[in-house]
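Chemist: Quick one: structure below, then a few questions.
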Amino acid sequence: MDITSIIISALAAGFAALIDYLSKHVLTCLVPAFFIAGAMSALLPKEVIVKTLGKGTSKFKTYPLAVMAGLLLAVCSCTILPLFAGIRKKGAGLGPALAFLYTAPATNILAISLTGSVLGWHFAFSRIVLSVTFAIVIGIIVSKAFPDPVEGTGEKKGLLLTAGSSAQTKIARTGLSKFHLPIFFAVLIGILVAGTRLSGIAMWITLAILVMLTLVLTSRWFNREERASWMLETWVFFKKIFPLLIVGIFIAGMLTEFIPQNFLVHYVGGNSILANFFATIFGVVMYFPTLVEVPMAKLFLSLGMGQGPLLAYLLADPVISFASILVVRKIIGTKRTVLYALLITVFCTLAGLIYGTVAGGFA
């Protein structure tokens, strides 16, 4: 195959991956996530996030809350990005925010249940214990290595958290009870859950009801300035994150064209360090939305992937992708992102190696 054919094939694979992503994830997954992030930034009082996930709050409170929030959201590594950006912009500490970013796609309840039913509960138990542990440990390490500035939790100039939105004006909150905001955000999260978990006519009916309810609540509970602020914040997140996702998905699709057809048997069929490392990198490049990685793992196992590399793949694939790396770098900076990605790679590789050794001993 000449260089022209290789380039054409890679471009075709990139466009195919992009079309597949846009057709399945944008309208019912990413769009609700952007609106939630915008609402958090514009409507949610900053002290709410600071008191629960802020830098000055006890780690024994922030990290469990971040992990619990992630457990309740069955979203992929791309859909979680606007929410991650939202809580960071509103004052969440770096460590808890990273724990939330890691946990949501890796250990949500649906993903663990599906892992247990398809691959066995030994895989599911290992996945949830290791993912929660990794989320907390990685969050602590990165926040200790590159702590937030003493004067606040904002990032350095030029990053997303200081994107310069004019919606950061102080909005007077009058006439809202303590129940209004929780109800409003519960409806918004319901839209995200319905769009990611339901299908067919049931999904569209549920979405229509929840969207109409959102419009009613918005018109009754928020004034024109608050609604405009929400829309502007949503647009700020969208224009900063979505183009990077598009580029990342396209490049990831191109990279899959260069993976050898006999990759699984020859490179990840054993339980060496390299086999687990390749499985981890394979999970990063071969991006699958949350839950899809489980049936794919079943297929990989039948094609010869070792049990250790399979777990390494399961730990890495939902959490990090080429597209998410581009966006996370925009949010927290290059050095933090590099350390975050390296820690995930090292931890997943070692976890797969240990699991493969133990599983092999019982085989």
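The values are calculated or read from the model by the stated rules, or taken from the named source; none is laboratory data. Values in this document were obtained by computation on a predicted structure and should not be read as measured data. Here the Cβ is made from the backbone with ideal geometry for all residues, glycine too, and neighbour counts use every protein chain on show.
Chemist: Kindly list the number of the only condition in (1) modelled with pLDDT of 85 or more; (2) within 27 Å of ILE136 (Cβ to Cβ) that fails for ILE36.
Modeler: (1)
Chemist: Moving on. Between VAL216, VAL193, VAL211, which is within 16 Å of LEU83 (Cα to Cα) and β-branched (Val, Ile, Thr)?
Modeler: The unique qualifying residue is VAL193.
Chemist: Then there is this: Which one is surrounded by the most Cβ atoms within 10 Å (Cβ to Cβ) among residues in the stretch 26-60 that are of a type in the set (Lys, Arg) and in contact (Cβ under 8 Å) with a residue 40 or more places away in the chain?
Modeler: Once the filter is applied, the top-ranked residue is LYS55.
Chemist: Here is a check on your reading of the model: is GLU233 of a type in the set (Asp, Glu) and more than 25 Å from the chain's Cα centre (by Cα)? I'd like the intermediate steps shown before the answer.
Modeler: On the way: of a type in the set (Asp, Glu): yes; more than 25 Å from the chain's Cα centre (by Cα): no.
So GLU233 fails the test.
Chemist: So SER77 fits all but one of (1) in a helix (DSSP H, G or I); (2) modelled with pLDDT under 80; (3) crowded, with 21+ Cβ neighbours inside 10 Å; (4) of a type in the set (Ser, Thr, Tyr); what number is the exception?
Modeler: Checking SER77 against (1) in a helix (DSSP H, G or I); (2) modelled with pLDDT under 80; (3) crowded, with 21+ Cβ neighbours inside 10 Å; (4) of a type in the set (Ser, Thr, Tyr), the one that fails is (1).
Chemist: Among (1) under 27 Å from ARG329 (Cα atoms); (2) touching a helix residue (DSSP H, G or I) at 6+ places or on another chain (Cβ under 6 Å), which single condition is ILE112 missing?
Modeler: Unmet condition: (1).
Chemist: Could you look through the stretch 83-100, keep only residues that are at pLDDT 85 or above and in contact with a Gly (Cβ under 8 Å, 6 or more places away or on another chain), and pick out the one that is surrounded by the fewest Cβ atoms within 10 Å (Cβ to Cβ)?
Modeler: LEU94
Chemist: Taking the stated definitions as given, is VAL319 among the hydrophobic types (A, V, I, L, M, F, W, C), within 26 Å of ALA12 (Cβ to Cβ) and at pLDDT below 85? Quick ask: steps written out before the conclusion?
Modeler: Working: among the hydrophobic types (A, V, I, L, M, F, W, C): yes; within 26 Å of ALA12 (Cβ to Cβ): no; at pLDDT below 85: yes.
Judged against the criteria, VAL319 is not a match.
Chemist: Within the set of pairs 6 or more residues apart or between chains, which connect a residue that is farther than 21 Å from SER272 by Cα inside the stretch 293-305 to a residue that is part of a loop (DSSP other than H, G, I, E, B) and of a type in the set (Lys, Arg) with Cβ atoms less than 6 Å apart?
Modeler: none
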